[in-house]
Every structure is written in C-alpha cells, then in structure tokens.
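A short write-up of the structure that comes next.
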Amino acid sequence: MNPATIKREFGNNMTIWGGACSTQTTMTHGTIEDIVNEAKEMIKIYAPNGGFVFAPTHNILADISPEKIIALYETAKKYGVPEFYRNQ
C-alpha cells in the first residue's frame, strides 16, 4: 500500500503505528543510508498533523545489526520534529 495514500485517506481518523522502516527488506538487506532515507521519507509522509507512532514495520529481527537499529532511532530523534517535516 502507498504510505501517502494511507495518510491522505485515513490519517484524520486513525493513528498510524509503525511503518517507519521495513524490517524485512530495508533493515535486513539495506545499508544504514537506506534505513535513514526510508525513515526520513516515512516521517515526512506520516508525521504532519500528528497521528504517527514512529516504529519499524514489524518486530526487529535477530540478524539486524545494532548499528542499523541505532541508525533508525537516531533518525527519529533528529528528523521526527515538526521543523523537519513541515518544511519539506
């Protein structure tokens, strides 16, 4: 499903929990840069006007390195603020 469509059609009526980064594709097979880029994009789409709980798509798998997990949450800390996504 398209994240922008989900936010547009349902964002005023529900909270989106998760979806910050795919644990089965990007976090497993991507680089740290891929993880940061995907998380930033999901913040830009889901965060405006509230209703977004930043979390990975599913449980973080055992074979995902700690560096990738830290990168995901550092991205939330840095870009999950209104100043970032309001100016995009």
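The values are calculated or read from the model by the stated rules, or taken from the named source; none is laboratory data. If you're wondering where the values come from, they're calculated on a predicted model, not measured in any experiment. Positions of Cβ are backbone-derived with ideal geometry, glycine not excepted, and every protein chain shown enters the neighbour counts.
If I filter the stretch 15-31 for residues that are of a type outside the set (V, I, T), surrounded by fewer than 15 Cβ atoms within 10 Å (Cβ to Cβ) and in contact with a strand residue (DSSP E or B) (Cβ under 8 Å, 6 or more places away or on another chain), do I get at least one hit?
First, pick out the residues of the stretch 15-31 that are of a type outside the set (V, I, T): 17-22, 24, 27, 29-30.
Now restrict to residues that are surrounded by fewer than 15 Cβ atoms within 10 Å (Cβ to Cβ): 17, 24, 29.
Checking the rest, the ones that are also in contact with a strand residue (DSSP E or B) (Cβ under 8 Å, 6 or more places away or on another chain) come to 17.
There is at least one residue in the stretch 15-31 that is of a type outside the set (V, I, T), surrounded by fewer than 15 Cβ atoms within 10 Å (Cβ to Cβ) and in contact with a strand residue (DSSP E or B) (Cβ under 8 Å, 6 or more places away or on another chain).
Out of F84, F52, I need the residue that is surrounded by fewer than 17 Cβ atoms within 10 Å (Cβ to Cβ) and of a type in the set (F, W, Y). Which one? Show your work before the answer.
Numbers: F52 fails: surrounded by fewer than 17 Cβ atoms within 10 Å (Cβ to Cβ).
That would be F84, the only listed residue that is surrounded by fewer than 17 Cβ atoms within 10 Å (Cβ to Cβ) and of a type in the set (F, W, Y).
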* Asked: Cβ-Cβ below 6 Å, separation at least six or inter-chain, first residue in the stretch 9-30 and of a type in the set (F, W, Y), second not in a helix (DSSP H, G or I): which pairs?
  -> W17/V53
* List pairs: first in the stretch 51-79 and over 15 Å from T28 (Cα atoms) and free of Cβ contacts under 8 Å to residues at least 24 places away in the same chain, second of a type in the set (D, E, K, R) and surrounded by 11 or more Cβ atoms within 10 Å (Cβ to Cβ), Cβ under 9 Å, 6+ apart or cross-chain? -> K78/K40
* Structure fact -> Looking across the stretch 60-88 at residues that are in a loop (DSSP other than H, G, I, E, B) and at pLDDT 90 or above, the single one that is nearest to G18 (Cα to Cα) is I60
